[in-house]
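Below is one structure, written out as structure tokens; comments come after it.
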Amino acid sequence: MIGVAVVGYGYWGPNLVRNFCETPGARLISVCDLRLDRLAAVQARYPSVEITDDFEQVLRDPRVDAIAIATPVFAHFRLAMSALMAGKHVFVEKPMAATADEARRMVDEAARRGLVLAVDHTFVHTGAVRKMRELVESGLGDIYYYDSVRVNLGLFQHDVSVIWDLAVHDLSIMDHVLRDKPVAVSATGMSHVAGEPENIAYLNLFFDNKMIAHIHVNWLAPVKVRRTLVGGSSKMIVYDDLEPSEKIKVYDKGITLNGNPQKNGEKVYQMLVGYRTGDMWAPQLDMTEALGRELRQFVDCIENSETPTADGHAGLRVVRILEAASQSLAQRGRVIELEQARRIA
């Protein structure tokens, strides 16, 4: 049995506690939080689980093999590094750190000690996103674009912008689904509340090939939208996370280019664009709870010395984009090369 402690019992911590209690091979030893009222709620619901407001006590506990961190982003690095240096495996909320440098140091520390470092990119464990990756790899042809919208009314965050709160989901999905990785990013946005971070933003991501990605995130939308389009040369995908059943729809639609090159002084290609309209189908999806699947994989990786799907490197790639997007946002959309952002970090 892998002994686990959960640090942070605010918004996401209760979900971690519930799932760890139900995860085969895991034993929830303790929950740590600075607020006594939260600890009282843990004790009332899980009387066999120990509670503490002392993180050092968790680090010293020999029964604890792994620590799951569900605290505000600014505390991730300090807590995760302390856990890794104490020889504990780490499962950390997204984004994994506040800067790419912190994320890189966490990755290096875990590798040096041979410990599992997993980042809670929950969506990559959903049946919908796993199916989307399968389709991208086998049935869409050349990928033209990735377009995502994630908007709603609230909840405003006071410590991070809408990019770090909402776009992190889409970036983690994109990182998992697409084989190619972006090389540059441009971001624009605005804050409509004085003294608060940006509440609306648009990200454009550029690749070495002709693919392009666009992400729109917004805390000021009158409706809730969670929709992603992936366009390929053969087929196209619409992923709507708010659909109760048919979250993935595959469209046999696209364009065909017909015509022959003609020489008239210079090479001129006159191409006739044709449109192909075929069937739409909705594949059957695995409806297993993503967080439960993710935590089972985390425990299995500890037991078998394997690498989780969303490991520290995946978390680092996402944080690097978030950091570069923030730089671009501050410069009104200037394109930031990710390698340049990496050197600056």
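The values are calculated or read from the model by the stated rules, or taken from the named source; none is laboratory data. This one's a predicted model, so the numbers in the text were calculated from it and none came from an experiment. Please note: Cβ atoms are built from the backbone with ideal geometry, for glycine as well, and neighbour counts cover all protein chains shown. The protein model used for the area step is the full one, side chains on, heavy atoms only, and it has no ligands, DNA or RNA in it. Shrake-Rupley method; radii C 1.70, N 1.55, O 1.52, S 1.80 Å.
Would you point out the residue of segment 10-41, among those that are farther than 23 Å from THR122 by Cα and either modelled with pLDDT under 95 or part of a helix (DSSP H, G or I) (or both), that is least open to solvent (accessible area, probe 1.4 Å)?
Filtering segment 10-41 for residues that are farther than 23 Å from THR122 by Cα and either modelled with pLDDT under 95 or part of a helix (DSSP H, G or I) (or both), the one least open to solvent (accessible area, probe 1.4 Å) comes out as LEU39.
Name, by its number, the condition in (1) at positive phi; (2) modelled with pLDDT of 95 or more that does not hold for THR307.
Failed condition: (1).
State which residue is nearest to ALA221 (Cα to Cα) when the search covers only segment 132-158 and only residues that are of a type in the set (D, E, K, R) and within 16 Å of the chain's Cα centre (by Cα).
Ranking the candidates gives ARG150 first.
Is there any pair with a first residue in segment 86-99 that is within 14 Å of ALA70 (Cα to Cα) and a second that is open to solvent by less than 10 Å² (accessible area, probe 1.4 Å) and among the charged types (D, E, K, R) whose Cβ atoms are under 6 Å apart and which are 6 or more apart or on different chains, and what are they?
Listed by first residue and then by second, the contacts come to GLU93/ASP120; LYS94/ASP120.
Could you grab me the full set of residues in segment 42-82 that are open to solvent by 60 Å² or more (accessible area, probe 1.4 Å), not hydrophobic (A, V, I, L, M, F, W, C) and not in a strand (DSSP E or B)? Reasoning before the result, please.
From segment 42-82, those open to solvent by 60 Å² or more (accessible area, probe 1.4 Å) are 43-45, 47-48, 50, 53, 56-57, 60, 62-63, 72, 74, 78; that's our starting set.
Then drop every residue that is not not hydrophobic (A, V, I, L, M, F, W, C), which leaves 43, 45, 47-48, 50, 53, 56-57, 60, 62-63, 72, 78.
Scanning segment 42-82 gives GLN43, ARG45, PRO47, SER48, ASP53, GLU56, GLN57, ARG60, PRO62, ARG63, PRO72, ARG78.
Quick one: count up the residues across segment 139-164 that are among the acidic types (Asp, Glu) and open to solvent by 70 Å² or more (accessible area, probe 1.4 Å).
So the answer is 2.
So ALA167 fits all but one of (1) open to solvent by 10 Å² or more (accessible area, probe 1.4 Å); (2) in a helix (DSSP H, G or I); what number is the exception?
The number of the failed condition is (1).
Six or more apart or on different chains, Cβ atoms under 6 Å: show the pairs whose first residue is in segment 148-159 and over 16 Å from ALA194 (Cα atoms) and whose second is open to solvent by 70 Å² or more (accessible area, probe 1.4 Å).
Once the first residue is over 16 Å from ALA194 (Cα atoms) and sits in segment 148-159, its partners that are open to solvent by 70 Å² or more (accessible area, probe 1.4 Å) give VAL149/ARG227; ASN152/LYS224.
Can you name the number of the only condition in (1) open to solvent by less than 20 Å² (accessible area, probe 1.4 Å); (2) touching a Phe, Trp or Tyr at 6+ places or on another chain (Cβ under 6 Å); (3) over 13 Å from ASP147 (Cβ atoms); (4) not aromatic (Phe, Trp, Tyr) that ASP180 fails?
(1)
Taking only pairs six or more apart or across chains, which ones have beta-carbon atoms under 9 Å, a first residue in segment 27-41 that is closer than 17 Å to ARG60 by Cα, and a second residue that is loosely packed, with under 12 Cβ neighbours inside 10 Å and modelled with pLDDT of 95 or more?
Note: pairs meeting the criteria are LEU28/SER48; CYS32/ASP54.
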